[in-house]
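The next block holds one structure in the form of structure tokens; read it before the comments.
The values are calculated or read from the model by the stated rules, or taken from the named source; none is laboratory data. Note that the structure is predicted; figures quoted are calculated from it, not measured. Please note: Cβ atoms are built from the backbone with ideal geometry, for glycine as well, and neighbour counts cover all protein chains shown.
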Amino acid sequence: MPIKKGDSVTVNYKGTLDNGDVFDDSKDHGPIEFVVGDHEVVPGFENAVLGKKIGDEFTVKIQPAEAYGDFDPENTQEFQKSELDLEKHEIGMQLVFEHQHGDHSHRIPGEIVEVKDKSVIIDFNHPLAGKVLNFWMKSEDIKEK
């Protein structure tokens, strides 16, 4: 039976960038399970499984628009070092900010990309934004809706 929207699928995969760097591999943490159409994974990954059957192996190239979007230079922000509760400020440091929105909050990850005398520039783009993602995928299980 081919995979369709609403089905729960289990997929093994290996994700690489165009230069061959591996950014994720299910052999490191097990296969991913998601419901097709519930937007639990990037659209290109979700669309790639449609019509596939158990045991199908395939590759897909996902453009940024169907993954994490284009890199947005406006998604960076300058913070005074005194605003951040850090002992040191280094390029590449990963930070998580808590954002309160009404009665709930969510966490926003960022990375220090530039260190100045009294401030730092933090990039809030997803690390894979603007990148083409290549996946080898194998559908392992399908549970119909």
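I want to confirm something. Restricting to segment 104-133 and keeping residues that are of a type in the set (Val, Ile, Thr) and in contact (Cβ under 8 Å) with a residue 40 or more places away in the chain, which single residue is nearest to Phe23 (Cα to Cα)? Spell out how you get there, then give the answer.
Step one: filter segment 104-133 for residues of a type in the set (Val, Ile, Thr), giving 108, 112-113, 115, 120-122, 132.
Subsequent filtering for residues that are in contact (Cβ under 8 Å) with a residue 40 or more places away in the chain retains 120-122, 132.
On the way: Val120: 26, Ile121: 24, Ile122: 22, Val132: 12 Å.
That would be Val132.
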Residues satisfying the stated conditions in segment 69-124, i.e. under 24 Å from the mean Cα position of the chain (by Cα), surrounded by 10 or more Cβ atoms within 10 Å (Cβ to Cβ) and part of a helix (DSSP H, G or I): Asn75
Are any residues in segment 114-145 out of contact with any Leu (no Cβ under 9 Å at 6 or more places or on another chain), over 18 Å from Glu33 (Cβ atoms) and charged (D, E, K, R), and if so, which ones? Glu114, Lys116, Asp117, Lys118, Asp123
From the list Phe79, Phe58, which residue is assigned by TED's automatic domain parsing to the domain that holds Thr16 and in contact with a strand residue (DSSP E or B) (Cβ under 8 Å, 6 or more places away or on another chain)? Phe58
So which strands (runs of 3 or more DSSP E) are wholly in segment 4-65 and hold at least 1 residues that are buried (at least 17 other Cβ atoms within 10 Å of the Cβ)? 8-16, 32-35, 57-62
Taking segment 125-145 and keeping residues more than 22 Å from the chain's Cα centre (by Cα) and either surrounded by fewer than 16 Cβ atoms within 10 Å (Cβ to Cβ) or in a loop (DSSP other than H, G, I, E, B) (or both) leaves Asp141, Lys143, Glu144, Lys145
